[in-house]
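Since the structure comes first, as C-alpha cells, the remarks are kept for the end.
Taken together, the values in this text are just the output of simple stated rules run on the coordinates, not laboratory data. Keep in mind that this is a model prediction, so the values were computed, not measured. A quick note on method: Cβ atoms are made from the backbone with ideal geometry, for glycine too, and the neighbour counts reach across all protein chains shown.
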C-alpha cells in the first residue's frame, strides 16, 4: 500500500504544529526585556527553517514519484534556500535598499544554475538565453514586489496560503507532480501557523525583508509548477497580487508626489484608509483568492491557456472595485436599469435641445 499521503499529511501537520508552537513562544517572550537569545525574536526564521526542514524530509522520505517532467536535485533545493537566506539577510541592511532588486536578480540567477537545460519556461518558443533571462527577471521582480502586500495585518499570509493551497489542490487533481504539490503544502503549513498570529489585530508581523524572502520561495514553487505545464494556473493563482503590484507601480511611474509610496497606491491600503477594517479586507480578499483557486482547478481542463485567466482578471478587477467602493449601498438590477434609462432619457433631451439651438 502506498503511504505517500500519510507521509505528506503527517509532515504537513508536524510543520504546522511546530511552527505554531514556535510563534507562540515568540509572542510570550516579546514582552520580556530579559529575553536576549540571538534571533529569538525573529519572525521569518520559523517560516524558513520549518519550510526547509519539511521539504528536505519529503524529498528523502517520500516514496519515489514518477510523474515529474523534471527531476529536482537536492543541490538545487539547497541553493534555493541558501539564496532565500541571502536575500533575507542582505535586505535587512539599510545600505543595500537602493540596490535591493539587483540582489534578487543574483539570487534568481543562482536558483536557475542547477536547473536542467530542458527546463524551459516558454517551452522552447524562444532561445535558451532569452528563456532563462525571462525566468530570472520574472522571479526576481515577483519576489521584490511581495513586500507591497504587507500594508495591513493578515494580507501577506492570506495571499501566500491561498496560492500554495491552489498548487496543492492541482497536485491532488493530478495536474502537478505529487512532490511539487507537497512542497507547496509544507509552505502552506508554515504560513497558516503564521496567519494565526498575523491576523488583525496582529501579534506578529513580517518585515519587508521577510516578505520578500517569502515571495522568493513562492516564486520558486510557481516556477516549478509553470514548467510542469501549469503556467496558466499559476497566473490565475497570483492574479490578485499582480493586479495590486502592477497598479501600484503604474501610479508610482506617473511621478506624481502623492503616488511615490507604492504601498499607499494599492487598492487594499486605500480601502483601509476609507474606514474598512483589515480583518474585513482580508476576509474579502480570501474569498476572491478562493474563487481563483477554483478557476485554476478548472483551467487544467480548459481548451486554451487564456480564457479562464482573462475571466479571472475581470473577476479580480470587479471584486477589487466592489471592495474599494464598500461604502456605496448595493443596488438591485432594477435600480441599475432604471438609472440607465434615466441617463439615456436625459442624454436624448440634451441632444434635442442642442438641435433646437442650432436651428
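Among the residues here, residue 237 qualifies as closer than 22 Å to residue 174 by Cα and surrounded by 23 or more Cβ atoms within 10 Å (Cβ to Cβ). Test residue 290 against the criterion of being surrounded by 22 or more Cβ atoms within 10 Å (Cβ to Cβ) and in contact (Cβ under 8 Å) with a residue 24 or more places away in the chain, and give yes or no. Judged against the criteria, residue 290 is not a match. Taken over the range 125-141, the criterion of being in a helix (DSSP H, G or I) and in contact with a helix residue (DSSP H, G or I) (Cβ under 9 Å, 6 or more places away or on another chain) is satisfied by 132, 135, 136, 137, 138, 139, 140, 141. Among the residues of the range 61-69, at least one is touching a helix residue (DSSP H, G or I) at 6+ places or on another chain (Cβ under 8 Å) and either in a helix (DSSP H, G or I) or within 14 Å of residue 184 (Cα to Cα) (or both).
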